[in-house]
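The values are calculated or read from the model by the stated rules, or taken from the named source; none is laboratory data. Quick caveat: nothing in here was measured; it's all calculated off a predicted structure. Here Cβ is always computed from backbone atoms with ideal geometry, including for glycine, and neighbour counts include all displayed protein chains. Just so you know, the surface numbers come from the protein's heavy atoms only, side chains and all, with ligands and any DNA or RNA stripped out. Shrake-Rupley method; radii C 1.70, N 1.55, O 1.52, S 1.80 Å.
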Amino acid sequence: MIKAVMVMNTQGKPRLAKFYEYLPVEKQQELIRRVFAVLCGRAENVSNFIEAESIFGPDSRLVYKHFATLYFVFVFDSSENELAVLDLIQVFVETLDKCFKNVCELDIVFNYSKIHTILDEIIFGGQVLETSSAEVMKAVEEISKLEAASNAITLIPKSASGWRSR
Amino acid sequence: MSGPSLMDSLFQRSLEDLIKGLRQQLIGEQAFISKALEEIRKEIKSTDLSIKSTALLKLSYLSSLHFHDMSFATFHALEVLSSPRFSHKKIAYHAISLSFHDSTPVLLLITNHLRKDLTSTNEFEVSLSLRCLSKIANVDLARDLTPEIFTLMSSNKLYVRKKAVAVVLRVFEKYPDSVRVCFKRLVENLDNSDPQILSAVIGVFCELACKDPRSYLPLAPEFYKILVDSKNNWVLIKVLKIFAKLAPLEPRLAKRVVEPICDHMRRTGAKSLLFECVRTVVTSLSEYDSAVRLAVGKVPEFLVDEDPNLKYLGLQVLSIVAQKHLWAVSQNKEAVIKSLSDADPNIKIESLRLVMAMVSECNVTEISRVLVNHALKSDPEFCNEILGSILSTCSRNVYEIIVDFDWYVSLLGEMSRIPHCHKGEEIENQLIDIGIRVKDVRLELVRVSRDLLIDPALLGNFFLHRVLCAASWASGEYVKFSRNPLELMEALLQPRTRLLPPSIRAIYIQSAFKVLVFCLHTYLMQRGSTFSSTSPDNLPSVVSASVSDESFDNLSVENGVDATVTHGQICTPAFITNESIVNLLNMVELALGPLVGSHDVEVQERARNVLGFVDLTKLKFLNYSVQEENDSEGKGVEASNIIELMHDAFSKELGPISLSAQGNVSLPDGLIVKENLGDLEMICCDIELPSSNSFSFGSPCEEKDGVSFSNLQIKEDSEQSNESTSLLAEHRKRHGLYYLPLGKSEISNDYPPANDPILQGNINGNAVDLVKITEESLVPKRKPSHAKPRPVVVKLDEVDEKPVALKKFESKDDSLSGAVRDILFGSEDMVPTSSQSNLSDKSSSKRKGKEKQHTAPHVESKENLVDDGNPSSRRRKYRSHGKERRHRSPRKKTAEEREGQKEKEKSSHRHGRHKSGQRAEEPLNVSAQAPVIPDFLL
C-alpha cells in the first residue's frame, strides 16, 4: 500500500502532497518538513531510499527521486516492492512530461488540479491501479474534456472565472 | 456585502490568480494567504455554484500545500457536490477527500450523493465517487454502499471495475460483514483475463493477506495459477508477496511454490521481480536449500551493480539471509567490506550491520581491527555508528564472544582515542564492568588506564571525560597492578585536570587518594622488610602495631599481606625512596591545596580528605631520615597505623551487583511496609544523610573509611564512635519499626552493601562466575537471582497474555478474517465468540442467498441482497443450535482447537476440492442447495 506521495522543490516547498489516510494538516506539514530535512542532506548519486520508520512509523519505506529542482517522494509499506515503486515514480514523471511537454516545476505549480488528476489515475486509495502512462494520458484527457464541456454549457454568464478556474 | 452579483463573479480570483498572486505578493506570504482566506470565506457562501466551487478549489489548494485548516467548509463541499456539473463535482470530491474524516459531522449526508454517482452512467463520475469512498469510507458508508459496489465489481467498464475492486479493501476493513456479499465476486475477478483487473484484485488480496494470511490459504490454487501463468511483473510481485505470507503456514504449499519461484528467478530480466523472488525465498522458503543457494547466487548481481539502489537492496537481502544462513554473508564478504566505504550512508550502515553479523569468537579480533581502522577514516557519524556496533556486539550476553580480554580492553582504549568518538559513556561502563567482572584483565586495564590518564591532550576532549573517569577509577582501584604508581599519581594530579567537570574531578582525587595510600604502604612494607632482614630484633613494626590495634580485624591484615604478595608477584614497581615519598606528598599538597576552596562540594570534600591524610602522615616521612627508628613508638607508629588502616580499607574488592540483589535480602517477618512513606520524613529530618552517598564508586567502602578515619584523626576514637552509637541506639529505640533486626546486638552504622560479610557467600559465588566468564565466556550473570519468589511476575504474565488473546478475537481485522474464513472454509470453523458465531450463521445463509443469486441474472441479485436478513433469521435458529452443541464454550477457544483447525486445512488440502466442499456442508443438514465451494483447494 502506498501511504503518501509528495513532491517538493529543493527549497522544501511542497508542490504536491497526497496522503492516503486522513491526517490533520499540521501533521502533514510536519511530515513533509521532516522528509525534506533528510532529503536535503543527501548527496547526488546515492541510493534513493531513506530510513522512514522514524518519520512515518513502523513498516514504512520511502523512495525518492530527484529531478532538476524537484524531489518526488513515495512512502509505502512492506506490501510494495521498492524497485517497482521506483519505476512508478518514473511512470508518474514521464506522464507529467508528456502532459506538459518537458515538465518543469512551474507546470506543477500552476496545474494543481491536473497533477492531482494524473496521480489519481495511477494510484487509487493507496493502490497502484495503472502503470501505463499512455492509459493515464487517455483518461486524463477524457476528464479534461468532460470538465470543459460541463463548464461550457453556461459559458455566457460565467465566462471569465469559468474558463480559468479549471 | 454577501449577495452574489455579476461583479463578484466577474472579478473572483481563480486558482491560477491566487497562485500567481502568491508568487508575486509583496506583503508576505502569510498575510497574503490570510487575505485570500478571508475572500474565500465570503465567496464560499455564495449561492452561485461556480463561485462557490472556485472558492472551494482555492481553499483545497491552500489546505493541501499551505496547510490551512478547511474543516469549516465541509458543508459547502457537500453543496458543491450536489451540482449536476462534472467540473463542480470533481472539485467537491477533491475537497471532501482532503478534509473529511471519521468524525466529520456531515459525513453521513454524503451517502446519497455517493450512491447517485456510483450508479451514474458516466464512468468518470463513478470513478470520482469510488475514489472518494476509498479515502473517507466509515462503517456506515461502507455498509450502506456495499450493494452498489458489489454491482460495480462486475461492471463491464474496466475503468470502473478495477476501482470497484480496489475500493473493496477499505470497505472490508471498515465493515467486515460486506465480505459475505462481495468476497465471492472478488475471487471471481481473479480469473479475469484483463491484466488491469487482475493487478487490482491481486493488490487487494496482497493487502488482505498481509494482515491475516491464514484466512487466504484456501485461495492458494488461484494464486498458484497466477504465479505460473502471469507475465505481468507487477502482478507477479504481488503474488510473491502473498506466497511469502502463506508459505510459512503450510509446508506443502511451500513445496509447491518453490519451483515456480526459482523458475522466475532464473528467467526474469526485471530486477524488481528478481529482487522480490530472492526476498521471498530468503524470508519464507529458507528451508529449501537449493532455492536459497540459487537466491544467494543472485545476490552478487545486486552487490556489484553500479546502481546504489540495487547494492542497498542486495545488502538488505543478505542481512535477512544472515539470520539463518550465515555462509551467504561470508560468501559475499569482500563486497560487503568494500561497501563499508561507499559514499551512501544507507549502504554503509547496512554493510556494517552485516559485518557485525559475521562476528564470532574466532574472528572478533580481526573484524574489530578492520572496523576500527575504518572508523578512523570515516565521517564522524558513521565512525560512531561503527564504534557503537562494536561495543554492543562485543558486550552482548556479558561479553560472550570475547576470549582475550586483554585485547578487548586495549581496544577500548584505542577506540576512545579515535578523534570523533562520542561513545565515552558506553566505553566507561564497559571498562568498569570488565574491571569488576574479570580479575585477570586488571593488569592490562591499569596499563590502558595509565596510558589514557597520562596523555594531557585527552583531557581537552569533552567526549573523553567519561572514559577518563573510568580510567582514573580503575587505576585507583587496582593500583596494586600498576608498574609505577608515582607516575600515575602525577597523571591524576596534572594541572589540566581542571578541564574536567567537578564530578569526574572528584573521582580523580579519590583515585589519587588510593594511589597515595598504596605508595605509602608499599614504602612502609619495603622498609619493614629491609629492617626485618637486616635487624631481626626490630621486628616488623608495622605489622605488630597493626595487630595490636583493636580496630583491626585479622581479616584485613591478611588482606593487606595478600595484596602485597600478589603485587610482588605481578610486577616489580620501582623502589620507592623516602625522597620520592616526600616529593609525592608535596605534590599532593600543591595540587590539591587550591581545591580546598572549590565550589563543588564533592571536590572540596575529597581534597580535604586527602590533605588531612597528608598532614597526618607527612611528619613521619619528613623526620624519618633524621630520627631513623629511634622514635618508632611516637608519631611514626601512629602514622603507619593510619596508612595501614587506609590501605586495608581500600584493598577490599568491589564485586558486581546483580540487579536483583535487593531481592536476596529476605524480608523480615514483622516488617510492615507502609504504603505512605510520608511519615518517614519526620524521621529523616533527625538524621544527617551521609554526604558521600552520592558518590557512585565504592561508596560502601568509603563510608567505613570516612568513619574510621575521622575516629583516628581525632584521637578520641572510642569516645567519638560511642557518641555516634549512642545517638543511633536512641534513634533505633524511637523508630525501631524501620530497622531490620540485627544478628548481633551490636550497632552497625554501615549499610549491608555489596561487600558486606553477610553476603560474602554470594560474592564468592560471583567470583566463581567470573572465572567462568573468562573461561567459557558464556555465563549469564548470577543464577541465584532466579530463586527469589516472583509473585508479581506471574501477574505480569497474565496481564501480558490476556490482551493478546482478547485482541485475537475482538479486533476488527479478526472479524474481517473471521468473515473471510466463513466464506472460504464453511461456517464450521473457528468461531471463537458468540457474537461471531451469529455473524457466521447469518453469513452462511447469506452465502446461500448469494449462491442462488450467482446463478440468477444480475437484475435479481440486488433484491436478494436487500431482503437477505429476513429468511436468514428463520434458518439461523436451528443452525445456531447445532453451533451451540459443537462449541460449548466458544470463549475458551484454545490453541489446540486452532491446531485442530490447521490440521483441518491441511487435510482438506490433501483431500482435494470435492471432499472439502462436502465437509463444509455436512453438519448443516440443509443439503438442498448445498453450495459447493469449488476450486479453492489444491
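Odds and ends about this structure:
- Candidate set: segment A:33-51, residues that are outside any loop (DSSP other than H, G, I, E, B) and hydrophobic (A, V, I, L, M, F, W, C); chosen: the one surrounded by the most Cβ atoms within 10 Å (Cβ to Cβ): A:35
- Any hit, segment B:91-111, residues being open to solvent by 30 Å² or more (accessible area, probe 1.4 Å), closer than 21 Å to residue B:159 by Cα and part of a helix (DSSP H, G or I): no
- Among the residues making up segment B:264-307, those that are hydroxyl-bearing (Ser, Thr, Tyr) and either touching a strand residue (DSSP E or B) at 6+ places or on another chain (Cβ under 7 Å) or away from chain A (no Cβ under 14 Å) (or both) are B:286, B:288, B:290.
- So residue B:64, is it without any contact (Cβ under 8 Å) to a residue 24 or more places away in the chain and within 13 Å of chain A (Cβ to nearest Cβ): no
- Looking only at segment A:10-32, residues that are outside any loop (DSSP other than H, G, I, E, B), over 12 Å from the mean Cα position of the chain (by Cα) and surrounded by 14 or more Cβ atoms within 10 Å (Cβ to Cβ) come to 6 in all.
- When the criteria are applied in full, residue B:181 meets the requirement of being open to solvent by less than 30 Å² (accessible area, probe 1.4 Å), of a type in the set (A, V, I, L, M) and not assigned by TED's automatic domain parsing to the domain that holds residue B:280.
- The set of residues in segment B:416-445 that are in a helix (DSSP H, G or I), closer than 17 Å to residue B:391 by Cα and not hydrophobic (A, V, I, L, M, F, W, C) comprises B:416, B:424, B:425, B:426, B:428, B:429, B:430, B:433, B:435, B:437.
- The condition of being in contact (Cβ under 8 Å) with a residue 40 or more places away in the chain, within 42 Å of the chain's Cα centre (by Cα) and farther than 17 Å from residue A:2 by Cα holds for only one of B:213, B:195, B:218, B:147, that being B:218.
- Only one of the numbered conditions (1) farther than 18 Å from residue B:186 by Cβ; (2) facing chain A (nearest Cβ under 9 Å) is violated by residue B:72, and that is (2).
- Selected residue (criterion: least open to solvent (accessible area, probe 1.4 Å)) from residues of segment B:309-332 that are in a loop (DSSP other than H, G, I, E, B) and among the polar types (S, T, N, Q): B:332
Conditions (1) within 22 Å of residue B:816 (Cβ to Cβ); (2) open to solvent by less than 20 Å² (accessible area, probe 1.4 Å); (3) in contact (Cβ under 8 Å) with a residue 60 or more places away in the chain, marked per residue:
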position	(1), (2), (3)
B:225	no, no, no
B:228	no, no, no
B:232	no, no, no
B:239	yes, yes, no
B:244	yes, no, no
B:250	yes, yes, yes
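- Positions within segment A:75-108 being open to solvent by 10 Å² or more (accessible area, probe 1.4 Å), part of a helix (DSSP H, G or I) and touching a residue at least 60 places away in the same chain (Cβ under 8 Å), in sequence order: A:105
- Number of positions in segment B:146-162 that are aromatic (Phe, Trp, Tyr) and within 12 Å of chain A (Cβ to nearest Cβ): 1
Yes/no matrix, rows are residues, columns are (1) within 36 Å of the chain's Cα centre (by Cα); (2) over 25 Å from residue B:186 (Cα atoms):
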{"position": "B:242", "(1), (2)": "yes, no"}
{"position": "B:250", "(1), (2)": "yes, no"}
{"position": "B:253", "(1), (2)": "yes, no"}
{"position": "B:259", "(1), (2)": "no, yes"}
{"position": "B:278", "(1), (2)": "yes, yes"}
{"position": "B:289", "(1), (2)": "yes, yes"}
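- Segment B:19-38 - residue that is of a type outside the set (A, V, I, L, M) and more than 13 Å from chain A (Cβ to nearest Cβ) and, of those, surrounded by the most Cβ atoms within 10 Å (Cβ to Cβ): B:32
- The residues of segment B:236-255 that are farther than 19 Å from residue B:266 by Cβ, within 14 Å of chain A (Cβ to nearest Cβ) and among the hydrophobic types (A, V, I, L, M, F, W, C), listed by number, are B:242, B:246.
- Residue B:283 vs. criteria of a type in the set (Val, Ile, Thr) and more than 21 Å from residue B:232 (Cα to Cα): yes
- Single match in B:341, B:286, B:290 (criterion: closer than 25 Å to residue B:251 by Cα and part of a loop (DSSP other than H, G, I, E, B)): B:286
- Here residue B:175 meets the list (1) closer than 26 Å to residue A:150 by Cβ; (2) aromatic (Phe, Trp, Tyr); (3) under 40 Å from the mean Cα position of the chain (by Cα) almost entirely, failing just condition (1).
- Residue ID - farthest from residue B:89 (Cα to Cα), chosen from residues in segment B:123-145 that are of a type in the set (D, E, K, R) and within 12 Å of chain A (Cβ to nearest Cβ): B:135
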